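Report on the following structure.
The values are calculated or read from the model by the stated rules, or taken from the named source; none is laboratory data. In this text the structure is predicted, and so the values were computed from the model without any measurement. FYI the Cβ positions are ideal-geometry reconstructions off the backbone, even for glycines, and counts take in every protein chain you see.
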Amino acid sequence: MEIRLHGRGGQGGVTCAKILATTYARLGKHVQTFGDYAGERSGAPVRAYTRVEDRPITNRNKVYRPDHLIVLDQNLLGADTIEGLRTGGDLLLNTPRPMEELNGQFPAYRLAAVDATAIARRHGIGTRSVVIVNTTIAGAFARLREIPLPVLEAAYRALGLLSNFPAAREAYEAVQVRQATDACAAPAAGTAPAARPPVEPVEAHVESPPTGLRTGTWSSQRPRYVEHLAPCNAWCPAGNDVVGFVQAVAVRGEEAAAAVLAKSSPLPGTCGRVCPAPCMEGCNRAEYDGAVNIRGIERWISDHAPAPSRAAPAGLRPLSIAVVGGGPAGLAAAHSLALLGHRARVFEGERELGGILVTGIPAYRLPRDVVRREVARILDLGVEARCGEFLSAERLREIAREHDGLVLATGLQAPRPAGVRGDHLAGVEQGIAFLHRVNLGEGARLEGRVVVLGGGNTAMDCARSALRLGAARVTVAYRRTRQEMPAIREEIEEAEREGVEILLQRQPVGFRGNGRLQSVDLAEVDMGEPDASGRRRPVVTARVASLACDRALLALGQSADRGFLPPGWELRGQQVFEDGRPLPAFAAGDFATGDGTVAHAIGSGRRAATLLLRALGRELELFERPERSLAVPATDIRFDHFERRAAAPDRHVGESVHAGSFGEVALGLPDGLESHRCFSCGHCTHCDTCLVYCPEGVVRRAGPDYDLDYAYCKGCGICVHECPRSGMEMSTP
Amino acid sequence: MPAERDGDEHAVTAELLSANHAAATAAALAGRANRAGRGFGGGVYPITPQSECIELLCRQEIEKGRIVRVESEHSAMAVCMGFSLAGARAFTASSSNGLAYMAENVFAAAMYRLPIVMMAVNRTLGPPWNIWVDHGDTLMLRDSGWIQFYCEDNQEVLDTILLAYRLAEDARVLLPALVCQDAFVLSHTMAQTEVPDQAAVDRFLPPLDLPHRLRDRAVTVGGLDLPHETEVHRRQLEDALRRVPSVHAECQTAFEQVFGRRPADAVVPYRMEDARIAVVSMGTTAATVRRAVDEARAGGQPVGGLRVRMFRPFPELQLAHALAGIERIAVLDRDISLGHGGVLWSELRGAAPRGALVQNYVLGLGGGDIRPEHVSWVIDDLRARCAAGAPEMMEVA
């Protein structure tokens, strides 16, 4: 019995023939197997052969009269492929087409069809760029020749291919067979071999390389340039084009980068200082030599680029929208609306816009002039500000009537009380109220010992502000472990560097004092089983110690105060309903979600703006945060194309904190060079790697981009495999 | 399927091996067999289609063995000479242009009388580059003083390497040996191959004791030969090669005693008993010739086949004996000595019976698949001739 396989270089035809030979050897047959060599460059048509006899095999020729034929790529199927196949022999085809579509074809042979490519892809067999079908289709052939599965499995084991056997078994089950229907339809046996190309004299070769061999016909898959989602973009809660602005600063400078940022974020100077930077958590460079300091780059751009100029958008009648709340979410919503040509009017209870940026975050982290600069740029877009009025329910109804739509972004106004004995004592104060006083310049000097209760950013802000206001000693007590502290890691480190003490696994169970606070009772906490959020549940013990103090600041979290909503109004998701009817009003930021960072607030504000415009009948794309799982994984980045270089850290002022000094502590990056460390995941940088590696020379520069000459691209996938940043992919033409 | 003879002292196992892997397996077995002597070593450099052989060899655990990966074939042979001069059993493998680059040291190995065994995969010399079989590469080395074997199947490759060590290391010979196999047709074709166990190989290949190996006294190796010394050394080399046929016969017998099968003779006849026409060839072409001979015999034609397995020393006597009474001889050459004709034909003419018509056919150059139809055409052409003509250059690809 002689079996001939037709495939393409890279599909593994020779290994498939080897599997068959090994299988028949286990059945006690004499076998011989070999391939055509040297033409087996990826994508080139190649053949492989297996002979099976009851007696020792002496034939050393190739197979010209096969009993059975296996075709690994249906595009190879042609007269010269089936040439010599015995009438009634098996013709096994790898094809996605169902048998019904093939029924009229090849009546002289027993036709079998299986979609080995799909099966192999499902089982993840092959490389990142190319699926390999050999081990799969051998299963289908075993079914045709009635080879028992255990014998086949033993052959896979012997060849070290056992991990591919499930795919073979699936093909064994899935193969469809149609009997030969017309024995006379076979081409006459013994047809003359196809005419050979002439051998040209040496002097005839004047072209280099010969252009006659259109290797493009070899390809079953084609490379193309395609943008993939960068992890930084996937992780940014604000929906910033992070890779876009980082690459822009690297290639085109700060001004271009600022323009990219301005499309999505009204607060780059703020985020460049206070964002916990989830983008850096997702950054693929973290798997190599440390995440790119994206936050530092954002700050660098914002601090060094002039205000981006924007052309006023033309279009439909502008809508007039009231934004209630001038914090980051409200500002982001107003910014979005203004960019789309609408009139946004922001109502803010405090004297100036900024919300938590001015009332909550201390100036040593976020200088006021940065916030004022950003607010001024938002107002320059035509956004109107109405400050100094906290709205009543009645006034809110009135505002709603006066505008086409409403965005509610009032943040978290209701701090969580300690809820324990003695929390009414003088000296026990809510942290945000304390920060509010301090930040609006109403702060007094502190003395003695201050205890801050909580482990988030508010707690750190309270503690560090207290130090600056003259407290002799500041202690933070948090009920869980350090790993679970919600505050930004750098904030915790900074606080400790400045002298803040941190007591872990302590929960306040009472305050003592005679009218005025004298001490707080802290119970030790044991860590129990993980709760629904995956964090271990704190178990308060009876081991209580008293800590003498003069002031306790509560930073135990806040919740949204919805008391100002008119009666009958309620929130469903982000939309406001009145007595069950939807209103053109949407909530944003902490008021809606409680996610708690400026970046989340920006994303939420942008989404609220688009939701509102759609509710008002405007057609536009809804702002959605991308799905993180779709981002380019680090395993798709070719690290060896990049030189190792540590991340540039932010600079800081000296370590000592002078009482009363709220000057900025972090100084950011000295320049924008950190942007050159960006891998540009999923985004072509025109680095020429594809051009350099293409063995066929089909990649050419075409203006700023590349042209692929598919007439000569044989689909080897090397360009895709070598692309340092996953800016290409293979696809079926 | 070859039977496994359990409990038999000739126990063998049949494995599905390419001839490249069969060669590496044989080299490793021979190497381990010298563990009681001065060990085993070789310098290796990869070249298609030999690479799989040395890749497998480099992965072998060999007690007192060391494979050195060098930067060129020239150095590969130099390393082998070093090992061999130090008394180790030495092996390397190469092919085609690699052999051409190695050539200077190939000659040196024979001049130094070192029983190195080299496996060569026959591949067409380039440029233009061609990786497929023809015999021009090793025939280029026919004057180097090496013993040359051309194999027909995977088993023969394995067996001949073991046999070649015994022959080369015999004190009456002390010459290197080249074991050739056809590119891809053997090197990359997998077939069941019986692999002997180490104990049997140990019995067949006693530890090497090279009489002139380097010891504790400093000597100059390959200094200067004056004319008369050269005359003597060349005569010694020639005498040693002349002794090969009789030593080879002893080795065949010893091999059969240990492994239970007899390696083929220097010349292998097929249905020659009453033949008047002979088709002579080397390597795997001989298997194809047998199928054409069967067909011709079925048609009543008195045709036989003759395979030249040992090309150096040239088996002139055996050929003369086998060709006695033959009237027409077709010599199939998968090689060409440009400006003259096939190398086998050129040498065989001296061994042909007086008056026989000896016609040369050059075919299968660059790996063309020689099929039985081509050999049948040769037989028809030969029968129709009144006289021999110039070498017939065929196109079979």
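List of remarks:
- Taking region A:475-493 as the range and being within 22 Å of residue A:551 (Cα to Cα), of a type outside the set (Val, Ile, Thr) and out of contact with any strand residue (DSSP E or B) (no Cβ under 7 Å at 6 or more places or on another chain) as the test, the residues that pass are A:487, A:491.
- Of the listed requirements (1) modelled with pLDDT of 90 or more; (2) polar (S, T, N, Q); (3) buried (at least 17 other Cβ atoms within 10 Å of the Cβ), residue A:629 misses just one: (3).
- Subset tally (residues that are part of a helix (DSSP H, G or I) and either closer than 24 Å to residue B:206 by Cα or in contact with a helix residue (DSSP H, G or I) (Cβ under 6 Å, 6 or more places away or on another chain) (or both)) for region B:33-53: 3
- The number of residues in region B:348-363 being assigned to a helix (DSSP H, G or I) and either more than 22 Å from the chain's Cα centre (by Cα) or surrounded by 20 or more Cβ atoms within 10 Å (Cβ to Cβ) (or both) comes to 2.
- Residue within region B:72-85 that is outside any helix (DSSP H, G or I), modelled with pLDDT of 95 or more and out of contact with any Asp or Glu (no Cβ under 8 Å at 6 or more places or on another chain) present: yes
- Residues in region A:609-626 that are crowded, with 17+ Cβ neighbours inside 10 Å and assigned to a loop (DSSP other than H, G, I, E, B) were compared, and the one that is farthest from the chain's Cα centre (by Cα) is A:623.
- When B:162, B:208 are screened for being surrounded by 13 or more Cβ atoms within 10 Å (Cβ to Cβ) and in a helix (DSSP H, G or I), only B:162 passes.
- Top-ranked residue of region B:297-306 - restricted to ones that are small (Gly, Ala, Ser) and surrounded by fewer than 23 Cβ atoms within 10 Å (Cβ to Cβ), ranked as farthest from the other protein chains (Cβ to nearest Cβ): B:300
- Picking from residues in region A:699-721 that are without any contact (Cβ under 8 Å) to a residue 60 or more places away in the chain and in contact with a Leu (Cβ under 8 Å, 6 or more places away or on another chain), the one that is nearest to residue A:219 (Cα to Cα) is A:699.
- Among (1) among the charged types (D, E, K, R); (2) surrounded by fewer than 16 Cβ atoms within 10 Å (Cβ to Cβ); (3) over 20 Å from residue A:458 (Cα atoms) - the single one residue A:482 does not satisfy: (3)
- Residue under evaluation residue A:77, criteria (1) away from chain B (no Cβ under 14 Å); (2) modelled with pLDDT of 95 or more, criterion not met: (2)
Condition check ((1) in contact with a helix residue (DSSP H, G or I) (Cβ under 8 Å, 6 or more places away or on another chain); (2) within 26 Å of residue B:17 (Cα to Cα); (3) away from chain A (no Cβ under 14 Å)) across all residues:
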position	(1), (2), (3)
B:196	yes, yes, yes
B:214	yes, no, yes
B:217	no, no, yes
B:244	yes, no, yes
B:260	no, yes, yes
B:287	no, yes, no
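- Condition broken by residue A:325, with the remaining ones in (1) over 20 Å from residue A:672 (Cα atoms); (2) of a type outside the set (Asp, Glu); (3) surrounded by fewer than 20 Cβ atoms within 10 Å (Cβ to Cβ) satisfied: (3)
- Of everything in region A:23-33 that is touching a strand residue (DSSP E or B) at 6+ places or on another chain (Cβ under 6 Å) and assigned to a helix (DSSP H, G or I), the residue that is farthest from the other protein chains (Cβ to nearest Cβ) is A:24.
- Residue in region A:465-474 that is over 20 Å from residue A:360 (Cα atoms), outside any loop (DSSP other than H, G, I, E, B) and in contact with a strand residue (DSSP E or B) (Cβ under 9 Å, 6 or more places away or on another chain) present: yes
- Single unsatisfied condition, residue A:493 versus (1) surrounded by 16 or more Cβ atoms within 10 Å (Cβ to Cβ); (2) under 30 Å from residue A:272 (Cα atoms): (1)
- Residue list for region B:31-43, restricted to those being surrounded by fewer than 24 Cβ atoms within 10 Å (Cβ to Cβ) and more than 12 Å from residue B:87 (Cα to Cα): B:32
- Subset of region A:126-155 (residues that are under 27 Å from residue A:31 (Cα atoms) and assigned to a loop (DSSP other than H, G, I, E, B)): A:132, A:133, A:145, A:146, A:147, A:148
- Criterion (at pLDDT 95 or above, at negative phi and crowded, with 20+ Cβ neighbours inside 10 Å) met by exactly one of A:262, A:234: A:234
- Region A:1-16, subset assigned to a helix (DSSP H, G or I) and more than 9 Å from every other protein chain (Cβ to nearest Cβ), residue farthest from residue B:133 (Cα to Cα): A:16
- Looking across region B:124-159 at every residue that is within 14 Å of chain A (Cβ to nearest Cβ) and of a type in the set (S, T, N, Q), the one that is surrounded by the fewest Cβ atoms within 10 Å (Cβ to Cβ) is identified as B:130.
- Those residues of region A:44-57 which are closer than 18 Å to residue A:23 by Cα and more than 11 Å from every other protein chain (Cβ to nearest Cβ), in sequence order: A:52
- Criterion (under 15 Å from residue B:240 (Cα atoms), at pLDDT 95 or above and either touching a strand residue (DSSP E or B) at 6+ places or on another chain (Cβ under 8 Å) or part of a loop (DSSP other than H, G, I, E, B) (or both)) met by exactly one of B:179, B:133, B:157, B:173: B:173
- When A:65, A:60, A:41 are checked against the criterion of being modelled with pLDDT under 95, under 26 Å from residue A:182 (Cβ atoms) and within 14 Å of chain B (Cβ to nearest Cβ), A:65 stands alone in meeting it.
- Failed item, numbered, when residue B:101 is tested on (1) outside any loop (DSSP other than H, G, I, E, B); (2) closer than 23 Å to residue B:170 by Cα: (2)
- Residue in region A:437-460 that is surrounded by 18 or more Cβ atoms within 10 Å (Cβ to Cβ), assigned to a loop (DSSP other than H, G, I, E, B) and touching a strand residue (DSSP E or B) at 6+ places or on another chain (Cβ under 6 Å) present: yes
- Each residue in region A:647-684 was checked for being modelled with pLDDT under 95, in a loop (DSSP other than H, G, I, E, B) and of a type in the set (Gly, Ala, Ser), and 9 pass.
- Taken together, the residues in region B:364-397 that are within 14 Å of chain A (Cβ to nearest Cβ), out of contact with any helix residue (DSSP H, G or I) (no Cβ under 6 Å at 6 or more places or on another chain) and in a loop (DSSP other than H, G, I, E, B) amount to 7.
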